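Starting off with a structure, shown below.
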Amino acid sequence: MKASKWFILLLSLGLYLPAYAQQTSNTQLGSPLPGLTSDQLTRFTQGQDAFSTVEGVTDGLGPVFNDDSCAACHTTTISGAPVAGGTNARLETRFGRQTATGFDPLANLGGSLIQEKGIGAVNGAVFDGETVPAEANVVAKRRTTPLFGLGLVDAVPDQAFKNLAALERMLTPATAGTVALVTNISTGSLAVGKFGWKDQNPTLFQFAGDAYLNEMGITNPQFPNENCPQGDCALLAFNPQPGLNDDGTDVQKFSDFMSFLAPPPRGAITTAVQVGESLFTNIGCANCHTTQMRTGPSSVPALNQVVFHPYSDFLLHDMGALGDGITQGPANGRMMRTAPLWGLRFQSQFLHDGRASTIAGAILAHAGQGAAARNHFIGLSDAQKLALLAFLRSQ
C-alpha cells in the first residue's frame, strides 16, 4: 500500500492528526504533566530530587558503575540551564561475540554492558572500571535517551501496540514492526517491551530498576544481584555493601518522576512545517514513526485516555546495517526500537550511537526497513527537503 493510502486510512481511524491541527503546548521542557493533583505533584518533585541525588559507596554505588546519579546521564542543557529527564548524548558501550551459532554477550567477561567506573581500593580488593575484552568482535555505542513524556507511553495498553503491529503488517508489510515480548518482573508474565533501545523493559518501574543496577550498581528488589566486575564474581566477596541497596523506594521515586514528566513542547508550526509533515507521511516516515497514540483508562486523570504525538510506534524494526549488532531479549543485532521524534529540536546528536550530527545525516543513515523512506528523501527537491527538515526541527 502506498504511503498516501496509509495516510488516508490513519486519518479515517483517528490514528493521525496533522501537526498544524494539534494543540501546541506552553509547557516548558522538564515540567510535570498538566492536571496532576497536589499529591501527584509532590511525588513528581520528590522523584525529581531522587533522580538528581548523587549516590555514594555507602548508598551501594558500584562496585562497578557508569555514573553516580540518574541526572548525570539524563540531563539536557537548554540556554545554559540543566533540565533533568533529557539526554546529554553520553555514549555507553556494549559488546559481545557473534559466532556461527548466534550472539554471545560474554557475560563471563562482564558483558554486554560496560560499567566504565569502579569504586577503587576497598577491603583489600581493587574495583576498576571495565574494558572491552579481546574476545569481543561486536562493540556498539548507545546514546542515553530523553525521558520526556514516557509516562504517556507507559499508560498505553499492551494490546494497542499489538494492534498497531498488526495494522502495519496489513498496510505496509515491508516496514512492519515487531512487538517485543519481554518478562514483566512484577507479574512474572510476558508483556510488551517499550523502553530502551531494544525494547528490553515493559514498564517505567522496571526500566528504573534496571538502570539503578546496571548504571549505578545499586541493587533493588527487581534486580537484587550485583554485576560481577569484568565477570569476576569472586571480587563481590569484597563488596562493601553486599546487601540489598534499595528497598524499592528510590526505584518508585524514579518511576514517579518519569511517569509524571510532560512530553516536550512543540516548536512553532509554520507553513513549511505543515508542508513538511505531509511529506513526512507521504514518503513513508510515518510508517514507523507513528504520529499519534492514546493512553488507556487510568486512575491518574493526566494519563487517562490522553491523545499524544510521540512519532514512534515503539516497535522493533530491522534496520540492517544501522543495527548495533547486539542481541538483547527478542531483538537481534539488526533490530532497534523506533526512536520517538518528539523533542528532536532539543538534541544535537542523533541515532542510537550519536553518529549523526544533523537530522539530515540521521535520515541518510537509515537502512534495512528504513531504506525506502531514506531513498524517497534523497529523491525530494531541495525545497521539499527543507520543508521536511523544518517539520522535524519543530518537534
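The values are calculated or read from the model by the stated rules, or taken from the named source; none is laboratory data. Note that the coordinates shown come from a computational prediction; the quantities given were computed from them, not determined experimentally. Neighbour counts are summed over all protein chains in view; Cβ atoms, including those assigned to glycine, are modelled from backbone coordinates with ideal geometry.
Within the stretch 88-112, can you find the residues that are farther than 14 Å from Asn332 by Cβ, modelled with pLDDT of 95 or more and polar (S, T, N, Q)?
Thr93, Asn108
Assuming Asp199 fulfils every condition listed in (1) crowded, with 24+ Cβ neighbours inside 10 Å; (2) assigned to a loop (DSSP other than H, G, I, E, B); (3) without any contact (Cβ under 8 Å) to a residue 60 or more places away in the chain apart from one, which condition is it?
All conditions are met except number (3).
Among residues belonging to the stretch 240-266 that are buried (at least 21 other Cβ atoms within 10 Å of the Cβ) and assigned to a loop (DSSP other than H, G, I, E, B), point out the one that is farthest from the chain's Cα centre (by Cα).
In this case the residue turns out to be Asn245.
To continue, here is another question. Pick from the stretch 107-140 the residues that are in contact (Cβ under 8 Å) with a residue 12 or more places away in the chain and on the phi > 0 side of the Ramachandran plot: which of them is surrounded by the fewest Cβ atoms within 10 Å (Cβ to Cβ)?
Step by step, filter the stretch 107-140, then rank; the result is Gly124.
So, one more: Given (1) more than 24 Å from Ala208 (Cβ to Cβ); (2) under 20 Å from the mean Cα position of the chain (by Cα), where does Ala81 come up short, assuming only one miss?
(2)
Has the stretch 19-26 got any residue that is within 24 Å of the chain's Cα centre (by Cα), at pLDDT below 95, surrounded by 21 or more Cβ atoms within 10 Å (Cβ to Cβ) and not in a loop (DSSP other than H, G, I, E, B)?
Yes, the conditions are met somewhere in the stretch 19-26.
What is the residue count in the stretch 330-363 for residues that are closer than 16 Å to Gly177 by Cα and modelled with pLDDT under 95?
0
Of all residues being within 17 Å of the chain's Cα centre (by Cα) and either among the acidic types (Asp, Glu) or more than 25 Å from Cys285 (Cβ to Cβ) (or both) in the stretch 174-183, which is surrounded by the most Cβ atoms within 10 Å (Cβ to Cβ)? Just the residue, please. Give the steps one after another, and end with the answer.
As a first pass, look at the stretch 174-183 and keep what is within 17 Å of the chain's Cα centre (by Cα): 177-182.
Keeping just the survivors that are either among the acidic types (Asp, Glu) or more than 25 Å from Cys285 (Cβ to Cβ) (or both) gives 181-182.
Working: Leu181: 17, Val182: 23.
The selected residue is Val182.
Among the numbered criteria (1) touching a residue at least 60 places away in the same chain (Cβ under 8 Å); (2) closer than 30 Å to Leu190 by Cα, which single criterion is violated by Leu388?
Tallying (1) touching a residue at least 60 places away in the same chain (Cβ under 8 Å); (2) closer than 30 Å to Leu190 by Cα, Leu388 fails exactly one: (2).
So which of Arg337, Arg355, Arg294 ends up being surrounded by fewer than 20 Cβ atoms within 10 Å (Cβ to Cβ), basic (Lys, Arg) and under 17 Å from the mean Cα position of the chain (by Cα)? Please lay out each step first, then the result.
Details: Arg337 fails: surrounded by fewer than 20 Cβ atoms within 10 Å (Cβ to Cβ); Arg294 fails: under 17 Å from the mean Cα position of the chain (by Cα).
Selected residue: Arg355, the only one of Arg337, Arg355, Arg294 that is surrounded by fewer than 20 Cβ atoms within 10 Å (Cβ to Cβ), basic (Lys, Arg) and under 17 Å from the mean Cα position of the chain (by Cα).
So, one more: For the stretch 367-395: of the residues being closer than 22 Å to Val273 by Cα and not in a helix (DSSP H, G or I), which is farthest from the chain's Cα centre (by Cα)?
Only one residue fits best here, namely Ser381.
Which residues, counting only those in the stretch 117-176, are among the β-branched types (Val, Ile, Thr) and assigned to a helix (DSSP H, G or I)?
Across the stretch 117-176, the qualifying residues are Val153, Thr175.
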